[in-house]
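*Asks:* Quick one: this structure, given as structure tokens, is what I'll be asking you about.
The values are calculated or read from the model by the stated rules, or taken from the named source; none is laboratory data. Note that this is a predicted model, so its numbers are computed, not measured. Neighbour counts are summed over all protein chains in view; Cβ atoms, including those assigned to glycine, are modelled from backbone coordinates with ideal geometry.
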Amino acid sequence: MIHFKNAVLRYGTRPILGGVTFAVHQGERIALVGLNGAGKTTLLRILAGQEQLESGEIVCPKSATIGYLPQEILSAGNKTLFEEAQEAFSQVLELQQRLDEAARSLKTLDTTSDLYADTLELIGELEHALEDSEQSKLKSRIERVLHGLGFAQADMQRRCDEFSGGWQMRIALAKLLLREPSLLMLDEPTNHLDIESVVWLEQYLKNYQGALILVSHDRRLLDSLCTRTLALSRGNLESYAGNYSYYEQQAAARRVQTEQAAKNQQRRIEKTERFIERFRAKNTKAAQVQSRIKALEKIERIEVQQDEARIAFRFPPVARSGQTVLELEAISKNYGEHAVLKNISLKIERGERVAIAGFNGAGKSTLVRIMAGALGYDAGQLRLGHNVTLSYFAQHQAEELNPELTALQEAEAAAPPGQQQRARDLLGTFLLSGDDALKRVSVLSGGEKNRLALAKMLLKPFNFLILDEPTNHLDMRSKAVLQQAIQAFEGTLVIVSHDRDFIDPLVNKVIEVSPRGLRTFLGNVSDYAESVSLEKSQPPAGIRAAPKTKSQQGVLSAKERRSLSAQRQEFLKPYKKRLAALEEKISKLETEQTELEARMADEDFYKDQPQFAAALKRYDALKTELTQTYADWETTGQQLEQAQTQAQEHA
């Protein structure tokens with residue numbers, strides 16, 4: 001579908017693309033991987049037409065459409081959420097606008113003119129085009145995607161500029177998904193999603209019909225979706241026919257093979273060089289020496305790329321705390337009139353490893369900020385346990401750095417008295433040594449800022465660690481090192497992260513934050529997500545499970561069967577009632593349409609121009625209303641079938 005041919009791009013002396021050639025085929029699922037700064041985002045921007053190559057070419061058919069979601073926060077304007085999402089169907093909206101204009105124009109035309117006949121024909125064509133675009137289903141498609149990304153029904157008429165930056169990114173993502181481009185490019189799409197939305201997006205993309213290029217530090221997402229991996233490093237692009245885990249295995253195997261081939265080649269070169277040195281002065285060997293010299297010059301040396309640097313650290317040893325590390329009692333927190341946390345209580349015990357989960361906006365960050373002492377509260381009590389020393393990494397910790405200081409100055413300022421050398425050593429382990437340590441914070445990349453913030457956190461001893469999205473901007477290798485360090489941490493841990501692969505090995509308890517309060521789940525975040533999914537599949541309130549006394553053996557008494565049947569009928573009643581109402585409405589609309597068509601078949605009918613114009617307007621309205629009612633009837637029928645299945649499963 002899209003071909004890169006000998007693509008070259010450099011930033012100064014640093015190669016981003018060093019003459020790479022590759023193709024993206026229809027329906028492919030590609031993971032684009034590489035360390036931070038390797039050029040992944042640049043490659044996507046080139047494909048999106050936002051950046052130009054120095055040389056080489058991109059071959060893309062005119063029929064192909066490309067959609068790109070960048071990492072940067074996007075602004076969605078001041079339309080309502082639904083109106084903004086509807087912009088994804090601008091072509092359909094344009095068709096409707098042209099149809100409306102044609103219908104208005106028709107009223108002013110002479111019914112005997114050629115222009116009148118042409119306009120009638122145009123109206124028919126536009127109506128067929130709208131039917132082909134399934135206009136009647138657009139509303140349900142828009143709401144399905146917006147709900148999947150975490151928006152509530154009440155949000156549909158909210159202005160987009162009322163939403164925070166993270167939600168603005170969700171709006172942009174929703175529009176891209178609805179537009180369904182031939183090639184969908186997503187650069188870290190899960191950065192602003194909660195776990196439930198990540199799970200929904202994963203399932204949605206599995207069924208996506210177009211090609212996909214995904215940049216993500218979420219290993220589970222890459223493994224689940226992608227069947228090909230492009231690895232970008234030092235201007236080179238290597239292709240692997242598998243997901244991220246396959247790429248890791250094969251890349252390691254390729255490196256071993258390359259190292260062995262390089263060693264074998266070096267042995268042959270050294271043997272040749274010894275022959276040349278030994279017989280250079282002998283006339284009888286002159287021809288052989290010259291032959292070997294020429295052969296040596298023609299050899300293309302095998303280069304083994306040096307391992308790219310990676311961070312390496314461990315958390316310091318911890319002092320033993322009391323059994324109760326932290327206790328919250330009846331805590332409430334309001335932002336204006338909005339109650340985020342209401343009368344919540346919890347206790348964290350020594351050695352616990354707890355994940356805080358919940359949808360975005362539920363209050364996860366508010367809760368951990370209160371726990372860390374970084375945010376006040378309106379009511380209740382917070383008590384730290386005996387000998388507890390706390391360290392807190394905030395979700396936007398990197399934004400708290402002083403942009404005017406160098407990385408070294410920032411670290412030294414955070415170090416306890418007399419430990420400036422330790423600050424410099426620690427920066428080195430986080431790949432901020434030499435000239436990098438002397439860079440101003442303002443010019444550091446997102447990953448470098450995060451590493452600097454992590455280094456500062458380690459400068460003081462602690463036994464209670466609170467982390468709020470610590471992996472943002474970290475590459476895969478750095479995340480793996482951080483994960484290993486947290487696994488080896490001997491203190492108490494509370495963490496917020498939407499990255500299931502990262503967080504699952506670290507925790508054994510999940511606390512869910514929601515408007516209803518707090519709930520505790522034993523297990524890791526994937527266990528929690530599965531529990532929530534099972535809950536959603538349970539019958540709604542009003543449908544109870546069959547009694548356990550006899551039903552465990554598959555036997556129900558006559559009374560139990562009647563009771564369960566009555567509950568089931570009561571549960572299905574609203575769906576059946578709405579379906580019957582829609583069927584009655586369809587019948588009335590079809591009758592009116594038939595009567596109107598019969599009148600319009602009479603030649604005398606067209607002589608009364610005002611009557612004809614009104615009838616035509618009503619006929620068009622009937623067609624639109626019928627189409628929408630048919631769609632509502634189909635949706636309600638599907639809902640009834642799902643409800644019947646749900647009721648049967650829990651019978």
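*Asks:* Taking region 347-388 as the search range and keeping residues that are among the β-branched types (Val, Ile, Thr) and more than 28 Å from the chain's Cα centre (by Cα), which one is surrounded by the fewest Cβ atoms within 10 Å (Cβ to Cβ)?
*Replies:* Of everything passing the filter in region 347-388, Val388 is surrounded by the fewest Cβ atoms within 10 Å (Cβ to Cβ).
*Asks:* In region 234-248, how many residues are at pLDDT below 90 and either in a helix (DSSP H, G or I) or in contact with a Pro (Cβ under 6 Å, 6 or more places away or on another chain) (or both)?
*Replies:* 2
*Asks:* Only one of Glu125, Glu162 is exposed (fewer than 15 other Cβ atoms within 10 Å of the Cβ), over 17 Å from the mean Cα position of the chain (by Cα) and at pLDDT below 80. Can you tell me which?
*Replies:* Criteria check complete, one pass: Glu125.
*Asks:* Something else: Any chance you could count how many residues in region 181-202 are farther than 23 Å from Asp475 by Cα and modelled with pLDDT of 90 or more?
*Replies:* Of the residues in region 181-202, 1 are farther than 23 Å from Asp475 by Cα and modelled with pLDDT of 90 or more.
*Asks:* Follow-up. Scan region 9-37 for residues that are more than 16 Å from Pro70 (Cα to Cα) and in contact with a Gly (Cβ under 9 Å, 6 or more places away or on another chain) and report the count. Let's see the steps before the verdict.
*Replies:* Narrowing region 9-37 to residues more than 16 Å from Pro70 (Cα to Cα): 9-30, 34-35.
Adding the requirement that they be in contact with a Gly (Cβ under 9 Å, 6 or more places away or on another chain) leaves 9-11, 14-21, 26-27, 35.
Number of matching residues: 14.
*Asks:* What are the pairs, 6+ residues apart or on separate chains, where a residue within region 453-465 that is at negative phi has its Cβ under 7 Å from a residue that is at pLDDT below 80 and in a helix (DSSP H, G or I)?
*Replies:* Here the result reads Ala453/Gln397; Ala453/Ala398, each pair linking region 453-465 to a residue that is at pLDDT below 80 and in a helix (DSSP H, G or I).
*Asks:* Being touching a Lys or Arg at 6+ places or on another chain (Cβ under 7 Å) and in a strand (DSSP E or B) is the filter here; which residues of region 32-46 pass it?
*Replies:* Leu32
*Asks:* Go over the candidates Leu427, Leu431 one by one and state the one that is assigned to a loop (DSSP other than H, G, I, E, B) and not charged (D, E, K, R). Quick ask: steps written out before the conclusion?
*Replies:* On the way: Leu427 fails: assigned to a loop (DSSP other than H, G, I, E, B).
Being assigned to a loop (DSSP other than H, G, I, E, B) and not charged (D, E, K, R) holds for just one of Leu427, Leu431, which is Leu431.
*Asks:* For residues that are under 30 Å from Lys342 (Cβ atoms) and surrounded by fewer than 19 Cβ atoms within 10 Å (Cβ to Cβ), tally how many sit in region 390-439.
*Replies:* 4
*Asks:* While we're here: Just to be sure I understand the filter: pairs with C-beta atoms under 7 Å, separated by 6 or more residues or on different chains, first member in region 243-264 and touching a residue at least 60 places away in the same chain (Cβ under 8 Å), second member in a helix (DSSP H, G or I) and surrounded by 12 or more Cβ atoms within 10 Å (Cβ to Cβ). Which pairs pass?
*Replies:* Asn243/Leu222; Asn243/Asp223; Tyr244/Arg219; Tyr244/Leu222; Tyr244/Asp223
*Asks:* Here's a follow-up. Would you mind stating whether Ala319 is assigned to a strand (DSSP E or B) and in contact (Cβ under 8 Å) with a residue 24 or more places away in the chain?
*Replies:* In short, no.
*Asks:* Still on this structure, please answer the following. Is one or more of the residues making up region 221-233 within 25 Å of Ala357 (Cβ to Cβ) and either of a type outside the set (A, V, I, L, M) or assigned to a loop (DSSP other than H, G, I, E, B) (or both)?
*Replies:* yes
*Asks:* Being surrounded by fewer than 15 Cβ atoms within 10 Å (Cβ to Cβ) and in contact (Cβ under 8 Å) with a residue 24 or more places away in the chain narrows it down to one residue among Gly12, Gly27, Gly34; which is it?
*Replies:* On the way: Gly12 fails: in contact (Cβ under 8 Å) with a residue 24 or more places away in the chain; Gly34 fails: surrounded by fewer than 15 Cβ atoms within 10 Å (Cβ to Cβ).
The unique qualifying residue is Gly27.
*Asks:* Starting from residues that are modelled with pLDDT of 85 or more and of a type in the set (A, V, I, L, M), keep the ones in region 263-286 and report whichever is surrounded by the fewest Cβ atoms within 10 Å (Cβ to Cβ).
*Replies:* Looking at residues that are modelled with pLDDT of 85 or more and of a type in the set (A, V, I, L, M), I get Ile269.
*Asks:* Which one is nearest to Leu183 (Cα to Cα), of the residues in region 47-68 that are assigned to a loop (DSSP other than H, G, I, E, B) and among the hydrophobic types (A, V, I, L, M, F, W, C)?
*Replies:* Checked region 47-68; the qualifying residue nearest to Leu183 (Cα to Cα) is Ala64.
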